[in-house]
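Working notes for the structure below.
The values are calculated or read from the model by the stated rules, or taken from the named source; none is laboratory data. None of the values given here were measured: they were computed from a predicted structure. Reconstructed Cβ throughout: ideal geometry from the backbone, glycine too, with neighbour counts over all protein chains shown. Accessible surface is based on the protein model in full, side chains and every heavy atom, while ligands, DNA and RNA are left aside. Shrake-Rupley method; radii C 1.70, N 1.55, O 1.52, S 1.80 Å.
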Amino acid sequence: MRLEAREQTPAWLPWIAIISSSLATLIFAAVLIIVAGASPIEGFYELFRGAFGSKNSIAETGATATPLIFTGLAAAVAFRARFWNIGAEGQLYIGALATTFFGTGLIQFAPFIMIPFLFLMGFIFGALALLPLVLLRQYLKVDEVVTTLLMNFVIILLVSYLLEGPWKDPYSLGWPQAAPIVDSGVLPQIIPRTRLHLGFAIAVSIAIVIWYVQTKTLFGFSTRAVGFNPSAAKHSGISVTKTMIGVAILSGGIAGLAGVSETAGLKGYLTLDLSPGFGYTGIAVAMLGNLHPIGVIFSAMFIAVIYVGADAMSRAIEVPTYLADVIVASTILTVLVSLVLIKYRIIFKGKF
Amino acid sequence: MILELLELLFNAGFWAATIRIACPLLMATLGELICERAGVLNLGIEGIMTIGALVGWTTVYLGGDLSTGILVAALVGASFGLLHALFSVYLGASQHVTGIGITLFASSIGYYSFRILLPSSTTPPKIVAFQTIEIPVLSDIPFLGIALFQHTTFTYFAFLMVPIVFWLMNKTPLGLAIKVAGENPMALEAQGLDVLFIRTIALMIGSALMALGGAYLTMSAFDAFYFGMVNGRGWIAIALVIFASWQPFRALLGAILFAAFDAFQVRAQQLAGAFIAYQFFLMLPYILSIVAMIFAAKSTHYPRALLIPFRRGERH
C-alpha cells in the first residue's frame, strides 16, 4: 500500500469526506449504545431532541459552543503555524483567575467598560501564561507539546489552592469557589431566562477578526509561511521567532477569553470544575473546522450539539455520559483520516 | 525540619516507596522510547496507560489471574499502538493530532466501559493485587533488603524490562532496524526492509509497555481503578524520554530520580503541610519535569526522522 499525492482535488471530495467521517462516527456510537443495552434509534432521537427540542435546549447548545469556539480558535491559530499548544485548558483557567482577580470588587466600572476590561485582562494573562513556553521553544528548543501539557496540571493545582485558600468565598458554605463577579462585569443574556450569554456573540466576532487577520494581514501571511516551511519562510525574510511569539500570544490570549466568558457569563463565579476539558476538546473543534476560523464556529456548534444532546440522551436511555467524549474523540480520528484522503490517494499495489 | 528531610535519604522505607513510584513511569518511558527511536512520537501514552490500567484490573476482577491481566493489558496496549500506526505511519497523518486523538479515545472508551461494567458504584471494588515477595537471603540485607528486595513480582518485572529493552535496541537486528527507521528511513528502504512495518512493530511493542505501566497502578500500586488515576504520568514519561536521551539505562536513572523526588514531596507535605498548602507540593513533580526538559534540551539529539512520515518514493 502506498499514498500518492493528488494533483487536483475534486470539489465534491471534501464534502464526501466530512459526511462519511461523521457517518462512521455515528455508526460507531450506535454500536456503543447497543453494547450498553439501549436502542440507538431512540438514542439519536433523544440526542437531537436534547440539542434542538426547545428554546432552552437551543440556547444550551449555544452556551456550550461558546467556550469551544474560543478554545477551538486557540488551537487552530497555533496549529496553523505548527505551534503545538496543548495547554488551552490551563490558559482558560488563567483567564478565569484574571477575571476573578479584577472582577470581584477590586475595580468597578460601568458595564460597557467593565466587560471589555475583563476580556482584555483575560487575554493578557492567558497570553502571558503561554509566552515563557514559546520563548523556551524558540531559544532553547524545549518541546512545547510537553511543557504546555504539564503546565495544565500546575495551573489547575494553583486554582485549587486559591479556591481552598485565599480566594475562597466566605459565603460559599464551605464549597471551594471564589466570590461572585460584580454585577457590572456579568455578561448579559442574549436570550432572556436562558444560559446563552454575550460570550457567544464575542466568540463569533473574534473568529471573524481572526479570519480577517489570517487572510488580509502580513502577520497572517507569515503565520502560514512559517507553518508550511519554516526554513523557506526564514530565507524570504520572515522572522520565525517573532511570528511564533505572535501566534503564541494570540493562541494563549484567546484561550484566556474562554475563561473570562465562562466565569463572567455562564457561572458568575470561579469553581474548579469550570471546564470539563474544553481545552482538549478545542483540538477536536479545530481539526474538524480544518483549522479555519469560520470552520471553527460550525464545528464548535456541531460538537456542542453532541455534548448537550448526548447528555440528554444518556439520561433518557441510561447510557454512561462518557459516550459524548467517545464521540468527540472518534471524530478527531475519522476527520484525520478524511483529511489525509483529501490530499492523497491510496494505491493498493506491491508489497503491503 | 531540614534534618528530618535529610534523614529520609537514609530511610529504607523511603527508597522502597521510590522504587514503587518509579515502576509505572519506567515502563511508560521505555515504551515511549521505543516508539520515538522508530521516528514516531506517541502522544497516545496517557490514554494507553489509562486503558491498560482498566483492562488489567477488569481481567482480574472478572476472575482471570494476575498474569492473564498483564497479558491482556499488553495486548490491548499493542492494539492501540497498531491503531496509532494505521493513522500516523500508514496514512502519514500528524503524529501530534493522532496521539491526542488516541489519548482522548482510549480514556473515554475506557471510562465508558467501566461505567457499563459497574453502573453505579460509589466505592470502586478491589481485587487481590500482586503481593510482596521477599527474596530469600537478599531481603535480609540491612537497608538494601527493605529498599530493593521486598517488592511485588510486577515491580521486579518492571525493572527487568530495562536490560531487556537495552538488549532489544542494541543487540538484535530488530532494534537496529527500529533505530535506523528513526534516523534514516531511506537507508532502511535501501536495505530492502519495510520502514512502515518496522515503525508499526515499534509502536505496538512500545504501546504494550505503556499499557503495562498503567496496569501496574491498578494491579500492584493500588488494587482498584479510579477515574483520572494516570494523572499526567504519561506526559511526564515523555519528558523523561528526552531527559534520558533515548537510552534505556538513563531512563531508569530518570525514573528513579523523579520517583525519589515524588516520594520526597509526599514526606515533605507531611512535615511542612502546616506552613505550605499541599497543592504546591503536588505541583513540584510537573515543574521538575519542565525544568529537567530545559536542562536536557541543550544536549538533546532527537532521532532525526522523528515526526516525519515516511512515504515511499518521496524524498526528504
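A few points about this structure:
- Taking region B:17-37 as the range and being farther than 11 Å from B:Ala237 by Cα, open to solvent by less than 10 Å² (accessible area, probe 1.4 Å) and among the aliphatic types (A, V, I, L, M) as the test, only B:Ile34 passes.
- Any hit, region B:120-135, residues being of a type in the set (Ser, Thr, Tyr) and either farther than 30 Å from A:Thr321 by Cα or within 25 Å of the chain's Cα centre (by Cα) (or both): yes
- Filtered by the rule that a residue be of a type in the set (Ser, Thr, Tyr), free of Cβ contacts under 8 Å to residues at least 24 places away in the same chain and not in a helix (DSSP H, G or I), region A:173-220 gives a lone residue, A:Thr217.
- Within region A:135-161, the set of residues being at pLDDT 90 or above and open to solvent by 20 Å² or more (accessible area, probe 1.4 Å) comprises A:Leu135, A:Leu136, A:Arg137, A:Gln138, A:Tyr139, A:Leu140, A:Met151, A:Phe153, A:Ile156, A:Leu157, A:Leu158, A:Tyr161.
- Number of residues in region B:257-301 that are under 30 Å from A:Asn229 (Cβ atoms), outside any helix (DSSP H, G or I) and facing another protein chain (nearest Cβ under 9 Å): the value is 1.
- Which listed residue, of A:Phe28, A:Phe83, is under 22 Å from the mean Cα position of the chain (by Cα), modelled with pLDDT of 90 or more and not polar (S, T, N, Q): A:Phe83
- Test: A:Glu60 is of a type in the set (Asp, Glu), within 14 Å of chain B (Cβ to nearest Cβ) and in contact with a Lys or Arg (Cβ under 9 Å, 6 or more places away or on another chain): no
- Put simply, of B:Gly101, B:Gly145 the only residue that is buried (at least 20 other Cβ atoms within 10 Å of the Cβ) and more than 17 Å from the chain's Cα centre (by Cα) is B:Gly101.
- Residue match in region A:231-246 (condition: at pLDDT below 90, within 14 Å of chain B (Cβ to nearest Cβ) and open to solvent by 10 Å² or more (accessible area, probe 1.4 Å)): yes
- The set of residues from region B:48-91 being more than 15 Å from B:Ser107 (Cα to Cα) and open to solvent by less than 10 Å² (accessible area, probe 1.4 Å) comprises B:Gly69, B:Ala85, B:Ser88, B:Val89.
- Residues of region A:22-43 that are open to solvent by 50 Å² or more (accessible area, probe 1.4 Å), within 14 Å of another protein chain (Cβ to nearest Cβ) and at negative phi: A:Phe28, A:Val31, A:Ile34, A:Val35.
- Residue match in region A:107-119 (condition: within 14 Å of another protein chain (Cβ to nearest Cβ), more than 19 Å from B:Met293 (Cβ to Cβ) and out of contact with any Ser or Thr (no Cβ under 8 Å at 6 or more places or on another chain)): no
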